[in-house]
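Here's the structure, in structure tokens; my notes come after.
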Amino acid sequence: MSVPVLRVSNLSVAYPAGAGWLRAIEDVSFEVAEGRALGVVGESGSGKSTSALAVLGLLAPEARIESGAAQFKGESLFELPEAARRDLRGNRISIVFQDPFTSLNPALPVGRQIAEPLVWHKGMDAAAAAIEVERLLAEVGIPRPREVALAYPHQLSGGMKQRALIATALACSPELLILDEPTTALDVTIEAQILDLLESLRRSRGVSMLYITHNLGVVARICDDVCVLYAGRVVEQGATAAVLKAPRHPYTKGLLASLPRVTERKHRLAPIPGRFPDLSAPPPGCIFHPRCSFVLDRCRSEPQVLADGVRCWRAAELAGERWRVEEGAIPARVGKDEGALVEVKDLAKTFQLGGLFDGFQVDFSRGFPLKFAPPSVRAVDGVSFSVSPGEVLGLVGESGCGKSTLGRMLVGLIEPSAGKIRIAGGSPQSQRRAAQIIFQNPDSSLNPRKTVQSIVGRPLQLHDLASGSKVRERVVELLELVRLSAAYLGRYPHQLSGGEKQRVGIARALATSPRFIVCDEAVSALDVSVQAYVLNVLADLRDRLNVAYLFISHDLSVIAHIADRIAVMYRGAIVEDGRTEDVLQPPWHPYTEALLSAIPAVDRTPESKRIRLRGDAVERGEAVKGCRFQHRCPRKIGAICETDTPPVREAAAGHRIACHIEV
Amino acid sequence: MRWPASLVAGGSVFALIAVAAALGPALAPYPYDGMDIMARFLPPSAAHWFGTDEFGRDVLSRMLYGARLSLLMGVGATAVCLVIGVPLGLAAGYYRGGIDETIMRAIDLLISVPPILMGILILSMTPPNPWKTAIAVGIIYVPIMVRLTRSVTLEIASEEFVLAARARGERPWYILGAEILPNAWPPIIVESALRVTFAIMLGAALSFLGLGVHPPASDWGLMIAEARPFIVEAPWVAIAPGIVLCLTVIAVNLIGDGLREVLDPRLKRGRG
């Protein structure tokens, strides 16, 4: 076999942490063969980015490479002088980072940034570079490349920026392309476009890829081989199809069992219990043993070695075993029809943009020249729905579609511009106790200066629901509901893991015994295994307390897992809604169909039909004429889409689609 | 609870200076205005520990007398600036819109007048007195405090725990006082420690213009300013008050650091 493009062997990297060292990756080995794509997957803290940065020589100065080697085409990277490594970077090895919104310099035109490696490494002059930039932009699928080259980053959408960054990375025809979560910050339909692009680039250029991601679905789409990292160690590696189909390491099994899927609706997910180990004091024995459901005594004392692509001595005997399913699963709830708990009618919200002075416009053409007409955006545009007690309504849509604004209006955080909200017969302001909200970001949803007890106890005191020693008792009860023990009472948020913080946030929302909770991307910031656990907690609470949710997410798989009904939102309006099983099956609104097709699923068959949307989401403007989806619709039927508001068609009982196409 | 070392060190140095200021007149070996033309510019000696100035006055005694005024200027002005600036900044950052616009434009107005001019404006209307100088200096620094507090508040007010508080129906004063302010303290404390230093110096500048302390009384800033023409022949006249001023500044900053540590649960050790 020929020399691999990249061979990392026995790499260990440590960061200083307090008094000691924290070993971020230990004994990591992998290979990227010529023309192949290797996916490095792991949850946050698994060391996947550290490995890539070590290869590039871009580790933080305080990091220390303790041992190991990295060879690029047989050349040992760590022994090269800095100047020689600089020559490699952006030239023969290049990288695309996660966040296209911060990776481009806002002060320079995009074209100049793409030209930089060409001028630097290839010694091209400006004119030759400009021609090459245009060619590259066209190659990554950007329409009108000449204009885009002259544009500034803020004039491009997220997907366009990421394409431009990929063009930069490809500029010098690298032999190895490192991609660090390149689609994580993008919407799912844009992600699908970028993945298509990467796939076609692999075919056309034969470039080898090191693809770093937390998303197993993306790995299944793009990568030939996969290397699963946990706590800085490789726990399993092999061909993607084999690993995903028949995972051998318990962690991989757990990770796959934690994934909510659109194709397979389960009552409860099977999460990985426990929390990520403290790498400055790793547990003895197998690093995964505290969370493993197949743990034996030997695992606790004996560190595991990577043998035959898996770091588990029981791998062979566990071959047929599945990750245990959480016990005590409560039978599926039967939908009780008790009338509507939440009723929303023709709800709309218009935001004014800019400050006081942006509202004045000078126009001499007619009448008094000074006019007050502030620029505005219609974030939510005539939405109606209802939620019954104990029902979960999933609201799915891409960023900027107005779903969070809608959720916040329901709990009285934003005043609607028009329309009506009734919660348990009252307005959101009068129903603060009945309607609560859970937020997305575990790091920002808890006040860092307060203990868990005062965070969860405060709503009780505010609404006079408990006093004195009763507060503590009630807080302990609430913590038990989210499966946290009383030991957490005195802790501060920084002492909790992401999942624990999110559960404290849920306990706080539950304190007033609400009948309705808005979950605004409540699990989106969590790692898969933790997300599954929190989803189970939420499902349990619904069953035990009969609380209804409006579950807002951009992730259709999560929504499909937890929701009884789904509403699909696009540019401020609901384009399709109905029972989950109806929405997930044809007939579809073209947008729903595209969303479903865009999800990178681990078990997608290669034949699955791909529906791609044109372009990116158009800018949010004022009133829409015709169908709001017309600009991106792959099934646009003609002029009628541009002129007439689509009719709402009833595909089945309670399944509504707003589209000109007949169902 | 363990006290952070910086708080202990800063606190004890500051306490020492404060005690010296309080007991100043009793400790001073000479009267602060006791001139002795024969003893001009004496270098430090056993009789005059820090030497004498151009009128033969004992530098140590003048420093002890001046300590009170200097501390009043530094701490008093900073207190005034905090009391006015922090609530305005909180309100501007939390309510945004019209309230923000009104407060910030008023602040712009205040900031557009140079500090010394502003001091003259405030102080020339009524007969000068050290208290009023301190208040004037405090007002001069209000814009800085408002802007700082506002920017911190803007950031914290968009955090989800503030939204959660609003969603459960908390009143604005609770959100500002119990949710936002505790998280806004660290930068405010750092800024306040800096303000103490600047206030002492600005107070001295105003005194130099006859708008604060009146000669022959003095404070440290004024002593340094008065010693400037003789800095080559008699450096000790400026150095001694300079050193105590430095010590005070360092002590105040250490206290600031220590307070930050005490107030931030993330920096506490031995828990969890």
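The values are calculated or read from the model by the stated rules, or taken from the named source; none is laboratory data. Computed from a predicted structure; not experimentally measured. Using ideal geometry, Cβ is built from the backbone for each residue, glycine included, and neighbour counts are taken over all protein chains shown.
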When residues of region A:266-284 are filtered for being surrounded by 15 or more Cβ atoms within 10 Å (Cβ to Cβ) and either of a type in the set (A, V, I, L, M, F, W, C) or over 14 Å from A:Tyr230 (Cβ atoms) (or both), how many remain?
10
Out of A:Ser51, A:Ser67, which single residue is surrounded by fewer than 20 Cβ atoms within 10 Å (Cβ to Cβ), hydroxyl-bearing (Ser, Thr, Tyr) and over 22 Å from A:Lys122 (Cα atoms)?
A:Ser67
In the set A:Leu38, A:Leu56, A:Leu80, the lone residue that is under 26 Å from A:Ser2 (Cα atoms) and touching an Asp or Glu at 6+ places or on another chain (Cβ under 6 Å) is A:Leu38
Among the residues that make up region B:104-115, is at least one of them among the acidic types (Asp, Glu) and surrounded by fewer than 17 Cβ atoms within 10 Å (Cβ to Cβ)?
yes
Report whether or not A:Val396 is crowded, with 18+ Cβ neighbours inside 10 Å and within 14 Å of chain B (Cβ to nearest Cβ).
no
Scanning region A:412-471 for residues that are away from chain B (no Cβ under 11 Å), polar (S, T, N, Q) and in a loop (DSSP other than H, G, I, E, B) gives A:Ser417, A:Ser427, A:Ser467
May I ask you to list the residues in region B:170-186 that are within 15 Å of A:Pro459 (Cβ to Cβ) and either assigned to a helix (DSSP H, G or I) or facing chain A (nearest Cβ under 8 Å) (or both)?
B:Glu170, B:Tyr174, B:Ile175, B:Ala178, B:Glu179
Only one of B:Val232, B:Val237, B:Val190 that is in a loop (DSSP other than H, G, I, E, B) and either of a type in the set (Gly, Ala, Ser) or away from every other protein chain (no Cβ under 14 Å) (or both)
B:Val232
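For region B:16-34, name all the residues that are more than 23 Å from B:Ile255 (Cβ to Cβ) and in contact (Cβ under 8 Å) with a residue 60 or more places away in the chain.
Pass one, region B:16-34, residues more than 23 Å from B:Ile255 (Cβ to Cβ): B:25-34.
Hits for region B:16-34 are B:Tyr32, B:Asp33.
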Tell me, please, whether a residue that is under 24 Å from A:Gly57 (Cβ atoms) and of a type in the set (Lys, Arg) can be found in region A:108-128.
yes
A:Pro606, sole failed condition from (1) over 16 Å from A:Val575 (Cα atoms); (2) modelled with pLDDT of 85 or more; (3) of a type outside the set (A, V, I, L, M):
(2)
Residue list for region A:622-663, restricted to those being crowded, with 16+ Cβ neighbours inside 10 Å, without any contact (Cβ under 8 Å) to a residue 24 or more places away in the chain, of a type outside the set (Lys, Arg) and outside any loop (DSSP other than H, G, I, E, B)
A:Cys641
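Out of the residues in region B:154-164 meeting the condition of being more than 20 Å from A:Leu465 (Cβ to Cβ) and part of a helix (DSSP H, G or I), tell me which one is nearest to the other protein chains (Cβ to nearest Cβ).
Restricting to residues being more than 20 Å from A:Leu465 (Cβ to Cβ) and part of a helix (DSSP H, G or I), the top hit is B:Glu160.
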Lone unmet requirement of (1) closer than 23 Å to B:Val142 by Cα; (2) assigned to a helix (DSSP H, G or I); (3) more than 14 Å from chain A (Cβ to nearest Cβ) for B:Leu259:
(3)
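Here is a yes/no grid of residues against (1) of a type outside the set (Ser, Thr, Tyr); (2) surrounded by 24 or more Cβ atoms within 10 Å (Cβ to Cβ); (3) in a helix (DSSP H, G or I); (4) over 19 Å from the mean Cα position of the chain (by Cα):
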site: A:Thr512; (1), (2), (3), (4): no, no, no, yes
site: A:Cys519; (1), (2), (3), (4): yes, yes, no, no
site: A:Val530; (1), (2), (3), (4): yes, yes, yes, no
site: A:Val534; (1), (2), (3), (4): yes, yes, yes, no
site: A:Val537; (1), (2), (3), (4): yes, no, yes, yes
site: A:Asp543; (1), (2), (3), (4): yes, no, yes, yes
site: A:Tyr549; (1), (2), (3), (4): no, yes, no, yes
site: A:Ile552; (1), (2), (3), (4): yes, yes, no, no
site: A:His561; (1), (2), (3), (4): yes, yes, yes, no
Check region B:38-56 and report whether any residue there is buried (at least 17 other Cβ atoms within 10 Å of the Cβ), part of a helix (DSSP H, G or I) and either of a type in the set (A, V, I, L, M) or without any contact (Cβ under 8 Å) to a residue 24 or more places away in the chain (or both).
yes
When restricted to A:Ala507, A:Ala487, the only residue assigned to a helix (DSSP H, G or I) and over 25 Å from A:Arg432 (Cβ atoms) is A:Ala487
If you scan region B:170-214, which residues turn out to be closer than 30 Å to A:Ile517 by Cβ and without any contact (Cβ under 8 Å) to a residue 60 or more places away in the chain?
B:Glu170, B:Arg171, B:Trp173, B:Tyr174, B:Gly177, B:Ala178, B:Glu179, B:Asn183
Would you confirm whether or not region B:93-108 contains a residue that is in contact with a helix residue (DSSP H, G or I) (Cβ under 9 Å, 6 or more places away or on another chain), modelled with pLDDT under 90 and not charged (D, E, K, R)?
yes
Filter result (under 28 Å from A:Leu256 (Cα atoms) and touching a Leu at 6+ places or on another chain (Cβ under 9 Å)) within region A:508-525:
A:Val518, A:Cys519, A:Asp520, A:Ala522, A:Val523
In contact with a Ser or Thr (Cβ under 7 Å, 6 or more places away or on another chain), among the small types (Gly, Ala, Ser) and either surrounded by fewer than 20 Cβ atoms within 10 Å (Cβ to Cβ) or within 13 Å of B:Val146 (Cα to Cα) (or both): is that true of B:Gly89 in this structure?
yes
Out of curiosity, is B:Ala167 more than 14 Å from chain A (Cβ to nearest Cβ), more than 21 Å from B:Ala199 (Cβ to Cβ) and either of a type in the set (A, V, I, L, M) or free of Cβ contacts under 8 Å to residues at least 24 places away in the same chain (or both)?
no
Give the residue, chosen from B:Glu233, B:Glu226, that is among the acidic types (Asp, Glu) and in contact with a Pro (Cβ under 9 Å, 6 or more places away or on another chain).
B:Glu226
Flag if A:Ser2 is free of Cβ contacts under 8 Å to residues at least 40 places away in the same chain, among the hydroxyl-bearing types (Ser, Thr, Tyr) and more than 15 Å from A:Leu179 (Cβ to Cβ):
yes
Looking for whichever is more than 14 Å from chain A (Cβ to nearest Cβ) and either more than 30 Å from B:Met63 (Cβ to Cβ) or in a helix (DSSP H, G or I) (or both) here; the options are B:Ser218, B:Ser207. Which one fits?
B:Ser207
Looking at A:Val471, A:Val475 in this structure, which one is farther than 25 Å from A:Ala185 by Cβ, surrounded by fewer than 24 Cβ atoms within 10 Å (Cβ to Cβ) and β-branched (Val, Ile, Thr)?
A:Val471
